[in-house]
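The values are calculated or read from the model by the stated rules, or taken from the named source; none is laboratory data. The structure displayed is predicted, hence computed values, not measured ones. Here the Cβ positions follow ideal geometry from the backbone for every residue, glycine too, while neighbour counts run over all protein chains shown. Quick note on the areas: whole protein, heavy atoms, side chains included, nothing else; ligands and nucleic acids left out. Shrake-Rupley method; radii C 1.70, N 1.55, O 1.52, S 1.80 Å.
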Amino acid sequence: MALMPEMPAAEPSFNLPRFGAARTAIGKVLFWRYRLFEQRRHDAVVLERIGDFSLLVMPGVLNPRLTRSGEFFASQLSAGVVPRGTDVLDMGTGTGVCAIAATRHACRVVAVDINPAAVRCARINALLNHLEDRIEVTEGDLFAPVQGRRFDIVLFNPPFIRGTPRNDADRAWRSTDVAERFAAGLAGHLTPSGFGLVVLSTYGDAARFVRHFRGCGFDLTVVAVRTFVNEQLTLLRLQQPPDSRRAR
């Protein structure tokens, strides 16, 4: 099981904060607290409560409560963010936490993950929450399993850190090219009025994602921000300008 990696510095763009020495020190304390006391929750089957639904977390799949970004993302998927009746793609679904949250308002959700353990976990959670008829879970790399399909909303909680993953579980933390490939493939899988929702963190190289999103012509809007003592999470909405959408 991949351990939580050491925190790299974020690039100072898109108003991403640089935390001072005190916050960095506290962050290291929290990291070692995780290593010593909470890692066991990643190494065993545990049942978590996220919002108003239960979530089974299996070994080899990131716990959305411990890593915070999944729980934060799911908490933002209100009716104002996910219009009723939409078709949603949840990229890198993990436990399925965002896919399940999106079904409160979406018509149907397709959940994709490259990690076979995550695919099994998400399918179990769809069954656990009686949503197996509204959540389609499939295994594959980014948009490969949904070629030729378009969605009103694409959700993505990406691997924040640039690097080579050590195993399938570590793909949730690290990638060498996910930012580039996701940005390049997103427009081709959106409906004319569709948009992406991506959560970024100062824990990793968020500025790299922003550069690629802008380089592919997306307008970026901040939907929500949550600041912790050693990390800031930002939920971005990605949408192409009207002229680009009409061209599709």
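Output yes when any residue across the range 46-64 is crowded, with 17+ Cβ neighbours inside 10 Å, under 14 Å from the mean Cα position of the chain (by Cα) and under 16 Å from Gln232 (Cα atoms), and no when none is. Checking the range 46-64: at least one residue is crowded, with 17+ Cβ neighbours inside 10 Å, under 14 Å from the mean Cα position of the chain (by Cα) and under 16 Å from Gln232 (Cα atoms). For the range 160-173, does any single residue satisfy the condition of being modelled with pLDDT of 95 or more and more than 19 Å from Val97 (Cβ to Cβ)? Checked the range 160-173: no residue is modelled with pLDDT of 95 or more and more than 19 Å from Val97 (Cβ to Cβ).
Please enumerate the residues belonging to the range 184-218 that are open to solvent by 30 Å² or more (accessible area, probe 1.4 Å) and within 26 Å of Asn63 (Cα to Cα). Hit for the range 184-218 is Asp205, nothing else.
Name the strands (runs of 3 or more DSSP E) wholly inside the range 47-115 in which the number of residues that are within 19 Å of Gly194 (Cα to Cα) is 2 or more.
The qualifying strands (runs of 3 or more DSSP E) are 87-91, 108-113.
Would you mind telling me which numbered condition in (1) more than 25 Å from Pro165 (Cα to Cα); (2) touching a residue at least 24 places away in the same chain (Cβ under 8 Å); (3) open to solvent by 10 Å² or more (accessible area, probe 1.4 Å) Gly80 fails? Only one criterion is unmet by Gly80, namely (2).
For residues that are under 21 Å from Phe151 (Cα atoms) and modelled with pLDDT of 90 or more, tally how many sit in the range 210-248.
Within the range 210-248, the first condition is being under 21 Å from Phe151 (Cα atoms), and the residues that meet it are 212-214, 216-223, 235-248.
Next cut, modelled with pLDDT of 90 or more only: 212-214, 216-223, 235-240.
Selection size over the range 210-248: 17.
Only one residue in Leu142, Leu127 is modelled with pLDDT of 95 or more and under 20 Å from Gln239 (Cβ atoms), so which one is that? Result: Leu142 is the single residue among Leu142, Leu127 that is modelled with pLDDT of 95 or more and under 20 Å from Gln239 (Cβ atoms). Quick check: anything in the range 181-203 modelled with pLDDT under 95, out of contact with any Asp or Glu (no Cβ under 6 Å at 6 or more places or on another chain) and of a type in the set (Lys, Arg)? Within the range 181-203, not a single residue is modelled with pLDDT under 95, out of contact with any Asp or Glu (no Cβ under 6 Å at 6 or more places or on another chain) and of a type in the set (Lys, Arg). Kindly establish whether Leu142 is open to solvent by 60 Å² or more (accessible area, probe 1.4 Å) and of a type outside the set (D, E, K, R). No: the conditions fail for Leu142. For the range 203-218, the count of residues that are in contact with a Ser or Thr (Cβ under 9 Å, 6 or more places away or on another chain), of a type in the set (Asp, Glu) and closer than 22 Å to Thr93 by Cα is zero. Out of Ile124, Ile100, Ile114, one residue alone is within 16 Å of Pro64 (Cβ to Cβ) and open to solvent by 20 Å² or more (accessible area, probe 1.4 Å). It is Ile124.
Given the criteria touching a residue at least 60 places away in the same chain (Cβ under 8 Å) and open to solvent by 60 Å² or more (accessible area, probe 1.4 Å), does Arg181 qualify? Judged against the criteria, Arg181 is not a match. Assessment of the range 219-228 against the conditions (part of a loop (DSSP other than H, G, I, E, B) and either in contact with a strand residue (DSSP E or B) (Cβ under 9 Å, 6 or more places away or on another chain) or closer than 21 Å to Asp90 by Cα (or both)) yields no matching residue.
If you go through the range 141-161, how many residues are among the acidic types (Asp, Glu) and within 24 Å of His105 (Cα to Cα)?
Total satisfying the criteria: 1.
With respect to Ile153, is the statement that it is closer than 26 Å to Leu47 by Cα and either in a helix (DSSP H, G or I) or open to solvent by less than 30 Å² (accessible area, probe 1.4 Å) (or both) true? No, not satisfied.
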